[in-house]
1. Go through (1) over 25 Å from Ile266 (Cβ atoms); (2) in a loop (DSSP other than H, G, I, E, B) one by one and return the number of the condition Leu107 breaks.
2. Any idea which residue in the stretch 88-113 is nearest to the chain's Cα centre (by Cα), counting only those that are surrounded by 21 or more Cβ atoms within 10 Å (Cβ to Cβ) and of a type in the set (Ser, Thr, Tyr)?
3. Look at Asp143 and say whether it is among the acidic types (Asp, Glu) and under 13 Å from the mean Cα position of the chain (by Cα).
4. Give just the number: which of (1) part of a helix (DSSP H, G or I); (2) surrounded by 14 or more Cβ atoms within 10 Å (Cβ to Cβ) does Val271 not satisfy?
5. Taking only the stretch 23-37 into account, find how many residues are touching a helix residue (DSSP H, G or I) at 6+ places or on another chain (Cβ under 9 Å) and either assigned to a helix (DSSP H, G or I) or at pLDDT 95 or above (or both).
6. When the residues of the stretch 38-54 are filtered to those that are outside any strand (DSSP E or B) and of a type in the set (A, V, I, L, M), which remaining residue is surrounded by the most Cβ atoms within 10 Å (Cβ to Cβ)?
7. List pairs: first in the stretch 46-68 and farther than 23 Å from Ser105 by Cα, second surrounded by fewer than 16 Cβ atoms within 10 Å (Cβ to Cβ), Cβ under 6 Å, 6+ apart or cross-chain?
8. Can you confirm whether Asp57 is more than 23 Å from Asn18 (Cβ to Cβ) and assigned to a loop (DSSP other than H, G, I, E, B)?
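The values are calculated or read from the model by the stated rules, or taken from the named source; none is laboratory data. These figures come from a predicted structure and were not determined experimentally. Don't worry about glycine lacking a Cβ; one is built from the backbone with ideal geometry, like all the others, and counts go over all protein chains shown.
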Amino acid sequence: MELTNTFLSEKQPELDLNKVDSIVRHALIEDIGKGDITTQLTIPKDKEINAVILAKDDCVVCGMGIAKRAFEIIDGSVKFEELVKDGQRIKKAKNLAKLTGKASSILTAERVALNMLSMLSGIATKTRDFVKLIEPYKVKITDTRKTFPGLREFQKYAVRVGGGYNHRMGLDEMILIKDNHLKVTEGYTKLPSVPKGFKIEIEVQNLDEFKHALKFKPDVIMLDNMNIADIKKAVKIRNNTLFNSHHPRTKLETSGGVDLKSVVKIAATGVDIISIGELTHSVDSVDISLEVI
């Protein structure tokens, strides 16, 4: 198996089209089942309509290409005109797209397209809110692996669109030694042999564990659910020349209980990374609808 490492990479917010098709097709199969029975019984087969996709909330738009693909998969003749781009912040009542084509095709693809737009715009909007708050500080906002099964590719794309970074896409990307690993192995006196080009991170829950981990000079130490006072102490210890003899120095990441009220105080401590599971596991979807003109 080929290993890759995209941890905190400057990867542009783009999507693999093959993965887009796979995920969208699965969502359409799930939604349509054996057929859109209501549309088949009520809508003339060749009836054409015009429609718009409308945002009813202020938001950062995300998922336009994904929504477009949902309609194209159902019917390649449906015309989908994008009026905004992913990453654009808009006010409510803004039209996102115009559609022209068979009514049956548009209505059948509608729910999957809107579900994707609503969820991903919600993630991008929340991420942008966090990123704007910590702009004065040299710290990066990242996501976690707390994503919806099957939708990680899309959710992490939305984080990038919002201005955040991806921590890791999966377990095969980097070495992250968490508390349960340490419980199973009963601690550690050396680090595992790391494949070339890969980073290693150690999770700690208090200052004693932090000091122990720092001796091994990992790439990153995660300060898990530590209070502000201890985070500040950890930063001060890391910055001390006694523990800072290697280059580049160990980066410090905070995780656990981060919200819009606490993120600025955490950023001000001098940490390098703030990882936030809330970006993806607690999504406040944007209200987006399709309206026939």
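1. Unmet for Leu107, out of (1) over 25 Å from Ile266 (Cβ atoms); (2) in a loop (DSSP other than H, G, I, E, B): (2).
2. Thr108
3. yes
4. The failed condition is (1).
5. Of the stretch 23-37, the ones touching a helix residue (DSSP H, G or I) at 6+ places or on another chain (Cβ under 9 Å) are 23-25, 27-28, 30-32, 35-36.
From what is left, the residues that are either assigned to a helix (DSSP H, G or I) or at pLDDT 95 or above (or both) are 23-25, 27-28, 30-32.
Selection size over the stretch 23-37: 8.
6. Among those residues, the one meeting the criterion is Ile43.
7. Short answer, once both residue conditions are applied: Lys56/Lys92; Lys56/Asp287; Asp57/Lys92; Asp57/Asp287; Asp58/Lys91; Asp58/Lys92; Val60/Arg89.
8. yes
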